[in-house]
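S.K.: Please see the structure below; I have some questions.
No value in this document is a laboratory result; all are computed from the given coordinates. Predicted, not measured: the structure shown is a model, and the values here were computed from it. For neighbour counting, all protein chains shown are included, and Cβ atoms are generated from backbone atoms with ideal geometry for every residue, glycine included.
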Amino acid sequence: MGRKKSKEKVDIRDWLKFSAVLLVAGILAGYTALTVCLSSQPPIPNLNNYKPNIVTQFYSEDGQIIKTFAAYSFEQVNIKDVPKDFINALIATEDKNFYKHKGYDIWGMVRSMISNVAAGHVVQGASTITQQLARLLFLSNEKSFDRKIKELFTAASIENSISKDKILELYVNNIYLGSGAYGIQAAAHTYFNKPLKELSLPELALIAGLPQAPSVYSPYNNLELSKKRRNQVLLRMYKMHYINRKQYEAAKKAEIKLGTQPKNLTTNKAPYFCDYVLRELEKLGFSEEEITKGGYKVTTTLNSKMQEAANNAVQVRMKEFGLVGKKYQAAFFAYDHTNGKILAYVGGKNYAESQYDRVTQAIRPPGSSFKPFVYAVALERGYDPNMMIEDMPVKIGNWTPHNYANKYRGEIPMYTALMVSSNVCAARLIADVGVRPVIQFVRSLGIETPIEFDHTIALGSNGVRLYEFVRAFSAFANGGFVTQPFSVLKVESPKGKVLYQASKAKLYREMNYRTAAQMTAMMKTVITSGTGRAANIDAPAAGKTGTTNSNKDAYFIGYTPFVVAGSWVGSDDNTSAKGVAGGTVPARIWHDAMVVSTEIYGKDDFTYPHIALMPFSLPPGSVMILDGGDYFATDDDVKDINYNKDEQVKSIEPQKNPIFQLDLFKNKNNIQMNNQMPEMQEIQKQVIKAAPINNVDIEHQQQNQQQQPPAPAKAPQPVAKQTSPSGID
């Protein structure tokens, strides 16, 4: 029995050995057959004179060409004139066995496959330089087994047609290297504004690292990532003994000094938008090289007239306010909130000087333009636009917010508080509804930037991206639905075949319909009578201004029944923007661009049900200014809402006389701020000084002055300094 089992084990071993031999023999036979087949591929005629077709164009929806992807290149450079450091960097990075293989590296492909399977994602490429050239000249970037087989055979044909040096020459002259540059010579001028022969080792290494992902590693798009990629190339050169340790250490420490991007690369009519389109196309499965060299016709959502108006508005209004120089910047973003089509997109003043996109990349605090979200949460919880709210100093924990210019209006309707952009009213609301519901609400509307769990967010203390902020406002405009913006309508091949067609916009409801209607009614008053009057386009519109401390950032976000748009003005170095407020330059930029939108969409009103706002206005001399320990009365600097004057006066129950009586003022303070502001309780009888209104008022004022002492008995304690950004308009 034991002998039988031993014999069976021997038989199994023999069978396994035999199977292994057969497998190896089969692999070797297959490899030999494939090698022979590939080696016998016929040469490609006239390969030396081949020029790829580069005519992809972007169109606006109204048929205007907004960008043509013509290759930016110089005369073909001979391989003998290409610096040896660049060739070494390219080989070390892209194809270390270039001079050893015959256009393909089967074992390299196997090693790459094993590495990628082990890592669970692509960590190692498998295409040789010859295979990349085959794809570049003759094939698409389709990721399929069929294309890979064609690539192998085409690479073999190329190797049978021209020398290794000629393959390298074709490759370095035609490879796409980002920012519109095709070939090493063009890249030298694009990135460093100097001839190829003058480039240093670190500069050559940077360019050699671009072919894998040109837009990702472009120093114009991400300087730090570009530097990291350059240093990876340098490390490979060192490991392959192309450079010594000293050269490696010096080169990886070198700073990247970019030249000014060539003007002919930036003459498209919407450069920041075109970058956005490229990113969207890549998400749809098109590679950047395929897009720029595929001869495609890409129809975008852009409206050329509105884009031109936005471009001009940024230039004219910034110059008008004296905001000249590179550090002062502006951005504008608009889209049709009914269908998601992006209509206008300005990421900065000058694309040639800065490719940094302030629509999608910059994170800046929005100031008071964040307040509508606090008010919306209050409305969702049962508040009413006509509910009276105290516009007087308040203390919430250690935070003591102040109104702009220390102006306080007493008891006013909630919609008026938003119209005049009262900071203390917004603070009172968030203290009542809670911080968490506000954060949850803005998250549901698509704002993804970090938000502190702090009451100061009511005044826009946390940074936002303009793109996300405008998208969140679409809910106010669109019945509570948030609309996802998009830029690509259709992609067609050179032969007219539709490769992609946009589907309907994505909508999701995140706000009660009535809340959207109420907020629209309230924000209409901001434009007609409040802080956003400069944005008045003589058509139904709603919006909100926003300005941060020291005027570092200024916003205007607004919408019509069809278009939602936002503008931002500030400085890239986060310094003061010369006193700019949301109601000035941003509102005017918004106005100039949105006037054109009314020519496209008309001037129809919102279809919301009528929201009745209580007639209200402040009598002359009834606005109080806190100056040290004293309150001084003055006129309001915000227009009255256009109601009948008699109705306005009758509606003001607590203020039957235009001049606040001192006792009433004190009583209201004690009631509203009981145990919250002890320093206010120390204020003794104050003197309220008001400008004469008529004979009766003069007499009343004189009587009050006779009855009250001329100065407070004791000055109040100083108010705690506000350290967080806040809205001031």
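S.K.: Using a Förster distance of 25 Å, how high is the FRET efficiency between LEU507 and GLU599, based on the Cβ-Cβ distance and rounded to 0.05?
M.R.: Calculated transfer efficiency: 0.45.
S.K.: Multiplying the sequence separation of LEU223 and ASN244 by 0.36 nm and subtracting their Cα-Cα distance, what value in nm do you get?
M.R.: Here the segment from LEU223 to ASN244 would lengthen by 5.0 nm.
S.K.: To the nearest µm²/s, what D does Stokes-Einstein give for the range 465-595 at 37 °C and 0.692 mPa s, using the Kirkwood radius over alpha carbon pairs as Rh?
M.R.: Calculated translational D: 204 µm²/s.
S.K.: List the GluC sites (Glu not before Pro) within the range 351-436 that DSSP assigns to loop and that have no more than 11 neighbouring Cβ atoms inside 10 Å.
M.R.: The qualifying sites: there are none.
S.K.: When the chain is fully extended, how far beyond the present Cα-Cα distance does ASN160 get from LYS84, taking 0.36 nm per residue of separation?
M.R.: Stretched out fully, the ASN160 to LYS84 stretch lengthens by 24.9 nm.
S.K.: Going out from 0 in 5 Å bins, what whole percent of all Cα-Cα distances in the range 356-404 drops into each bin?
M.R.: 5, 13, 14, 21, 21, 10, 8, 6, 2
S.K.: Another question about this same structure. Among residues other than ASN312 whose Cβ falls under 13 Å from its Cβ, what is the net charge (Lys/Arg +1, Asp/Glu -1)?
M.R.: Local net charge: +3.
S.K.: Determine, for each peptide in 280-286, 84-90, the mean count of other beta carbons within 10 angstrom over its residues, then list the peptides with the highest first.
M.R.: So the peptides 280-286, 84-90, ranked by packing, come out 84-90, 280-286.
S.K.: How far apart, in nm, are the 7 Å Cα→Cβ label points at GLU320 and GLN440?
M.R.: Spacing of the two 7 Å Cα→Cβ label points: 4.4 nm.
S.K.: A further question on this structure: Quick check on packing: order 287-293, 492-498 by the mean number of other C-beta atoms within 10 Å, highest mean leading.
M.R.: Descending packing order for the listed peptides: 287-293, 492-498.
S.K.: Turning to a different aspect of this structure: In the structure displayed, which of LYS102/LYS252; LYS283/LYS504; LYS67/LYS490; LYS228/LYS283; LYS319/LYS552; LYS164/LYS246 lie more than 27 Å apart, Cα to Cα?
M.R.: LYS102/LYS252; LYS164/LYS246
S.K.: Right, here's the next one. I want the local charge near LYS283. Using Cβ-Cβ distances under 14 Å, sum +1 for each Lys or Arg and -1 for each Asp or Glu among the other residues.
M.R.: Result for the neighbourhood of LYS283: -3.
S.K.: Based on the alpha-carbon set only, what is the convex hull volume of the range 162-220 divided per residue, in Å³?
M.R.: 79 Å³
S.K.: Evaluate E = 1/(1 + (r/R0)^6) for PHE153 and TYR356, where r is the Cβ-Cβ distance and R0 equals 35 Å; express this FRET efficiency to the nearest 0.05.
M.R.: Rounded to the nearest 0.05, the efficiency is 0.20.
S.K.: A follow-up question, please. I'd like to compare 500-511, 448-459: which one has the highest average count of other Cβ atoms within 10 Å, and what's the full order after that?
M.R.: Per-residue mean Cβ counts within 10 Å order the peptides as 448-459, 500-511.
S.K.: Could you calculate the FRET efficiency of ASN574 with THR449 from 1/(1 + (r/R0)^6), where r is the beta carbon distance between them and R0 is 22 Å, rounded to 0.05?
M.R.: After rounding, the FRET efficiency stands at 0.90.
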